[in-house]
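Take a look at the structure set out below.
The values are calculated or read from the model by the stated rules, or taken from the named source; none is laboratory data. In this text, all values refer to a predicted model and were calculated from it rather than measured experimentally. Here Cβ is always computed from backbone atoms with ideal geometry, including for glycine, and neighbour counts include all displayed protein chains. Side chains included, ligands, DNA and RNA excluded: accessible areas come from the protein's heavy atoms. Shrake-Rupley method; radii C 1.70, N 1.55, O 1.52, S 1.80 Å.
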Amino acid sequence: MRKNVLPLNPPSPAPVLSEALLRQIIERSKDLIAVLGRDARITYMNPALVSWCDGQLSDRTFEAPDFRFHSLLSDSERKSFEEILGNLSSSKASETLRTGLHCEGHTIVIEWDFFPAAEDITIAIGKALSSKNDHGASPTHSRSDGNNGWSPASRNTIFNILDRITDGFFAIDRNWRVLYVNKEAERIARATRLEIVGRNIWEVAPETVGSTFYHKYHEAMEKGEPVSFVEYFPPFQAWFENYIYPSEEGLTIYFRDVSEKVAHEQARQETIEKLERLTTELARSNEELEQFAAVAAHDIKEPLRMIYTHLQLIRRKVRGNCEPDIESYIAQTLQSSQSLFELVNALLTYSRVGREQKPYVEVPLNEVVAIAKTNLMNAIEESKAQISSESLPTVLGDKIQLVQVFQNLISNGIKFCKERRPEIHIGAEEEAKFWIISIRDNGIGIDSAYFEKIFQVFQRLHSKAEFSGSGIGLASTKKIIERHGGRIWISSKLDQGSIFHFSLPKG
């Protein structure tokens, strides 16, 4: 808590301001305002405060005789508030208390300013330091006990409130004459009321003539409808959020400095634009790399095929007529050429994923599994693998690429199974928006430390002497699944087999 000794008697306002207009100003303030009567009973809440508490406070609760400001506070905050009430009754000083306003299951941090306005009347004005939502520019209702919570010294009470509102505001009549400015408006304008009130607004601020401010004020006056806008004001080198409300008497204008908010938004927008540019550049770079890989792989295949063919011819001619070491060198070179040829083919397959954009069609996964098993017939027969599957769904996708997914995962289940008969089971589970497909094997398993690594290009956990392969199969599988709008992951333990899971959106 802190004390701020402030005068209770406000400067004399322009006499043409009606009490109805003054109350309307308070109704439209975004500060949280409550008028407290005897025993801190809430006799008035402005729409901004009501909107924070809507849902928490029913009309019946509000109208109860014991509805007091304490209802908005926690036990510890009530003790501090009671101390404040004691201080207010013995002095003319204001008191400040920071609280958590508990509404709709949320806690909003509020800094309250309490001050005595008249006998048995205390004004509470709160500023939200954290927001649950935007309570809007045009609140339409408030709550009171029937007499609006004003004392007989109503105008004094109103002016006390107006000077505590944290937004700057001023009122002008239909001849553009300034009727009233509050203290915050004085502070922002760097001028006193005596210098502003009673003068034509366009004489007070001639630099606004012809600006957005000028046109928006005229629009509100002519159409009789509220106007809001955010605009930069060069004389103050600041951005202001403005709310203009017309009435029979003229306009009331609320404004607040939002330069920091605008700067944050501009920085956020610049970051978004930068990320979008980087994303576009990255996509273009990836496309160029994929095209390069495809072209390079295609161009490498023919020389490789020629090397392999010529080495086979040389081996036939020199077989039995050269030193054993030379025959061994030729055999090793042939094996390396064959491995490189397989790697180039795998690289071509990987580069095609995403480049060949075919329209998705309905694909029965039972048919996909059947095709994959046919393609792997030799490996299945040689290993005597047992492959079972449940009834699988139909999804939207690229049939050829989905065959590749199942073929890669079934092939891995067969390949990475030592000294036992491979057993592979394919199942499916339905979720709200996806089908979750699982392919379980009884192979050697994978350590959890490598769950992410295995889906990267050219990542191998075993030497080629142990298990053949290019190191691209799972990377291609991941790329295909993600292109279809799903994801792939694994659960596995060493020597206990693996389960590859992947999701596919429902058709």
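For region 267-281, indicate whether the set of residues that are assigned to a helix (DSSP H, G or I), surrounded by 13 or more Cβ atoms within 10 Å (Cβ to Cβ), at pLDDT 85 or above and within 50 Å of the chain's Cα centre (by Cα) is non-empty.
So far as region 267-281 goes, no, none of its residues is assigned to a helix (DSSP H, G or I), surrounded by 13 or more Cβ atoms within 10 Å (Cβ to Cβ), at pLDDT 85 or above and within 50 Å of the chain's Cα centre (by Cα).
In region 180-196, what count of residues is obtained for those that are farther than 15 Å from Pro235 by Cα and among the hydrophobic types (A, V, I, L, M, F, W, C)?
Residues flagged as farther than 15 Å from Pro235 by Cα and among the hydrophobic types (A, V, I, L, M, F, W, C) within region 180-196 amount to 3.
Table: residues versus (1) crowded, with 19+ Cβ neighbours inside 10 Å; (2) on the phi < 0 side of the Ramachandran plot; (3) of a type in the set (A, V, I, L, M, F, W, C).
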residue: Gly168; (1), (2), (3): yes, yes, no
residue: Arg187; (1), (2), (3): no, yes, no
residue: Arg199; (1), (2), (3): no, yes, no
residue: Gly210; (1), (2), (3): no, no, no
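State whether one or more residues within region 335-349 are at pLDDT 75 or above, more than 30 Å from Ala283 (Cα to Cα) and surrounded by 16 or more Cβ atoms within 10 Å (Cβ to Cβ).
There is at least one residue in region 335-349 that is at pLDDT 75 or above, more than 30 Å from Ala283 (Cα to Cα) and surrounded by 16 or more Cβ atoms within 10 Å (Cβ to Cβ).
Right, Lys3: open to solvent by 20 Å² or more (accessible area, probe 1.4 Å), of a type in the set (Lys, Arg) and modelled with pLDDT of 75 or more or not?
Considered against the rule, which asks whether it is open to solvent by 20 Å² or more (accessible area, probe 1.4 Å), of a type in the set (Lys, Arg) and modelled with pLDDT of 75 or more, Lys3 comes out as no.
If I go through region 412-427 residue by residue, how many of them are more than 10 Å from Ala385 (Cβ to Cβ) and small (Gly, Ala, Ser)?
Residues that pass the stated criteria total 1.
When you look at Glu419, is it of a type in the set (Asp, Glu) and open to solvent by less than 90 Å² (accessible area, probe 1.4 Å), yes or no?
no
So that you can scan it fast, the table gives a plain yes or no per residue for (1) exposed (fewer than 11 other Cβ atoms within 10 Å of the Cβ); (2) of a type in the set (Asp, Glu); (3) under 30 Å from Phe170 (Cβ atoms):
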site: Pro234; (1), (2), (3): yes, no, yes
site: Trp239; (1), (2), (3): no, no, yes
site: Pro246; (1), (2), (3): no, no, yes
site: Ile253; (1), (2), (3): no, no, yes
site: Arg256; (1), (2), (3): no, no, yes
site: Ala263; (1), (2), (3): no, no, yes
site: Asn286; (1), (2), (3): no, no, no
site: Lys301; (1), (2), (3): no, no, no
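State which residue is surrounded by the fewest Cβ atoms within 10 Å (Cβ to Cβ) when the search covers only region 373-395 and only residues that are in contact with an Asp or Glu (Cβ under 8 Å, 6 or more places away or on another chain) and assigned to a loop (DSSP other than H, G, I, E, B).
Pro393
Looking only at region 139-158, decide whether some residue is modelled with pLDDT of 60 or more and open to solvent by less than 40 Å² (accessible area, probe 1.4 Å).
Checked against the condition, which is being modelled with pLDDT of 60 or more and open to solvent by less than 40 Å² (accessible area, probe 1.4 Å), region 139-158 yields at least one hit.
Those residues that are of a type in the set (A, V, I, L, M, F, W, C) and in contact with a Cys (Cβ under 8 Å, 6 or more places away or on another chain), I need them from region 422-454; list them, please.
The answer is Ile444, and nothing else.
Modelled with pLDDT of 90 or more, open to solvent by less than 30 Å² (accessible area, probe 1.4 Å) and in contact with a Lys or Arg (Cβ under 8 Å, 6 or more places away or on another chain): is that true of Val369 in this structure?
no
When you scan region 376-393, how many residues do you find that are closer than 13 Å to Gln407 by Cα and of a type in the set (Gly, Ala, Ser)?
So the count comes out to 1.
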